[in-house]
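The structure appears right after this line, and notes come after that.
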Amino acid sequence: MRLSQGYWQTLKETPNDADVVSQQLMMRAGLMYKTGAGLYTLQPMAFKAYKKIENIVREEMDRINCFEILMPVITPGELWQESGRWDAMGGQMLKFKDRAERDLCVSPTNEETVTDLFRRTVNSYKQLPVCLYHINTKFRDEIRPRFGLMRAREFIMKDGYSFHADKESLDKFYDEMFGAYEKSFQRMGLDFIAVEADGGNMAAGGAKTHEFQVVADNGEDYVVTVPRTKFAANIEKAMTVRKNITTSPPAELTNFATPNQKTCEEVCAAHGFQITQSLKALVMQTVIGQKEQFFMVMLLGDDSLNEIKFKNKVNADHIRPAQQAELDRLGLVRGFMGPTTTAEGFKIIFDEAIDMNASYVVGANEPDHHLKGFVPSRDTKPKNFRADMRMAKEGDFIGEDQITLKKGIEVGHIFQLGDKYTKAMKVTVLNEQGKGITPLMGCYGIGMTRVLAAAIEQNNDKDGIIWPAAIAPYDVYLCFIGKTPEIKAVADGLWDDFKKAGLDVLFDDRMLGPGQMLKDADLIGLPVRVVIGERDFNATGEIEVKIRKTCETLKVQKNELIATIKTKLGELGKWQ
């Protein structure tokens, strides 16, 4: 593309509502336009990069014999009602009715749609296994859309679904898909980690599932790793333990005044306790089936609740912190709640990091007072149990190994769904004996537009984007410094030569000053920059080649230019 004829405009200032680096750079570099809250238009350069991501994914899906289809964005509500997820998806699902008063939704995912397609087209084990996938728009009505494309309401996802006659077939294909995802992200030039994960409401409980996390300083997820064993898990999945915790021996239960001291930190600082000698109480409201249930979760004073572990442990459909009116109804005082309450209507869960025979400071269930000398095994009502409820953190252990936390951005997630959807939607196929069996499913997603943002989030510097070569919108940024017809003719000739050689070139022929052009070149961040300087070229015939990622600068003769660029692009992973 010639920039003088192209559709492109940069911003001088970073938009105030741009939360993270990728969003800031994409908007400054003219790659993306904010159409509304969580809604973005990809401009030509970003869309060109996106198509390269799409092509890599499509090639790897085809390599393992997946079949591409295109399912509708709008899904009949009756399919979701049949699977039981019409209500389970909560407010993230955008629902509406058509003119015939039929329930419809904008698809947040496509398990129901593909399962309905499968049951109407496949009836024999001879047609299995099969994997169908598509690349299409999704919509999830996020409460707080943020982080640009990483937490948008509308996005593009590759979602694939496999069907199998037995677990052995599902396991085999799951491993093939795992490898295809690894290959896809490797080809994109991304630094990523495959981690054990939680299936959420997409998969059956206990299903095998992995996330693919792009490592980035501004990632919204934490990944727990053990370098020695190469173990990796999402922080919401990892089960870690604390060591060398300061506790107190059993003591007499004593009420003491803590005026306006509502947090564990405030109480411990004022009265000389270590933070791990206190317990915090969190009251959670849950919906299990159609029934409301409250739980009080007890954690060490400096721990935080892992809501995924909690939700899975109590098998809840929905969870949230209890609201003030609910606490009042339960007779609990916010900031001074504790497990000695005589209120009915909830169960108490003690995190496994708590020593049930040590004594702690807890809320006294009356304003401005706490209890010291609380021993869980001695002073708690019968309706309690222990479970791993805490969020893993730096300094924890798995076995004898201390963990390391890394920040990441989830770009892919694969599940073994089992018969969760095929059973709910009464899907059967005939086996070898002619008997009807319920097929098993796998589900495999990649956030395609999220990959675009994650690549930039991982690859940038103070001057702008540093595109991985395989997904850069163009291979080469070409410009010339000088205003004579002769130097422009050299640049025009090189542009033609580059195109004939199969290089994708952005030709900056806007006739701007060198400062503005080179600043724009760094902001866009294409892998290779080629600058034809009139003085150098006329004196020595040399042309400057600069590698954006490494800042390596070369002086190259014109007849060696294309070979040099291709070599450098190869080193940068262009043709993996």
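The values are calculated or read from the model by the stated rules, or taken from the named source; none is laboratory data. These figures come from a predicted structure and were not determined experimentally. Note: ideal-geometry Cβ built from the backbone for every residue, glycine included; neighbour counts use all protein chains shown.
Of 121, 137, all but one fail to be of a type outside the set (Lys, Arg) and either in contact (Cβ under 8 Å) with a residue 60 or more places away in the chain or not assigned by TED's automatic domain parsing to the domain that holds residue 60 (or both); the exception is 137. Checking segment 86-108 against the condition returns a match, with at least one residue being without any contact (Cβ under 8 Å) to a residue 12 or more places away in the chain, touching a strand residue (DSSP E or B) at 6+ places or on another chain (Cβ under 8 Å) and acidic (Asp, Glu). Kindly evaluate residue 408 against the criterion of being assigned to a strand (DSSP E or B), over 30 Å from residue 458 (Cα atoms) and of a type outside the set (D, E, K, R). Criteria not met by residue 408. Which one is surrounded by the fewest Cβ atoms within 10 Å (Cβ to Cβ) among residues in segment 375-401 that are part of a strand (DSSP E or B) and free of Cβ contacts under 8 Å to residues at least 40 places away in the same chain? If we take residues in segment 375-401 being part of a strand (DSSP E or B) and free of Cβ contacts under 8 Å to residues at least 40 places away in the same chain, then 385 is surrounded by the fewest Cβ atoms within 10 Å (Cβ to Cβ).
All of (1) more than 28 Å from residue 439 (Cα to Cα); (2) modelled with pLDDT under 95 hold for residue 83 with one exception: (1).
Scanning segment 229-260 for residues that are of a type in the set (Asp, Glu) and either surrounded by 13 or more Cβ atoms within 10 Å (Cβ to Cβ) or under 18 Å from residue 194 (Cα atoms) (or both) yields a count of 1. Of all residues in segment 113-131, those satisfying the criterion of being more than 21 Å from residue 447 (Cα to Cα) and either touching a Cys at 6+ places or on another chain (Cβ under 6 Å) or assigned to a strand (DSSP E or B) (or both) are 124, 130. Taking the listed residues 558, 488, 574, the one that is touching a Gly at 6+ places or on another chain (Cβ under 9 Å), surrounded by fewer than 18 Cβ atoms within 10 Å (Cβ to Cβ) and more than 17 Å from residue 3 (Cβ to Cβ) is 558, with no other qualifying. Out of the residues in segment 59-76 meeting the condition of being touching a Lys or Arg at 6+ places or on another chain (Cβ under 9 Å), of a type outside the set (Val, Ile, Thr) and surrounded by fewer than 17 Cβ atoms within 10 Å (Cβ to Cβ), tell me which one is farthest from residue 576 (Cα to Cα). Among those that are touching a Lys or Arg at 6+ places or on another chain (Cβ under 9 Å), of a type outside the set (Val, Ile, Thr) and surrounded by fewer than 17 Cβ atoms within 10 Å (Cβ to Cβ), it is 68.
Consider segment 77-124 and keep the residues that are among the β-branched types (Val, Ile, Thr) and buried (at least 16 other Cβ atoms within 10 Å of the Cβ). The one that is nearest to residue 159 (Cα to Cα) is 109. Taken together, the residues in segment 524-538 that are within 21 Å of residue 485 (Cβ to Cβ) and in contact with a strand residue (DSSP E or B) (Cβ under 9 Å, 6 or more places away or on another chain) amount to 8. Here the strands (runs of 3 or more DSSP E) wholly within segment 1-112 that include at least 2 residues being closer than 30 Å to residue 422 by Cα are 74-76, 94-97, 103-106. Going by the conditions given, is residue 437 buried (at least 23 other Cβ atoms within 10 Å of the Cβ), over 19 Å from the mean Cα position of the chain (by Cα), touching a residue at least 12 places away in the same chain (Cβ under 8 Å) and more than 22 Å from residue 414 (Cβ to Cβ)? Judged against the criteria, residue 437 is not a match.
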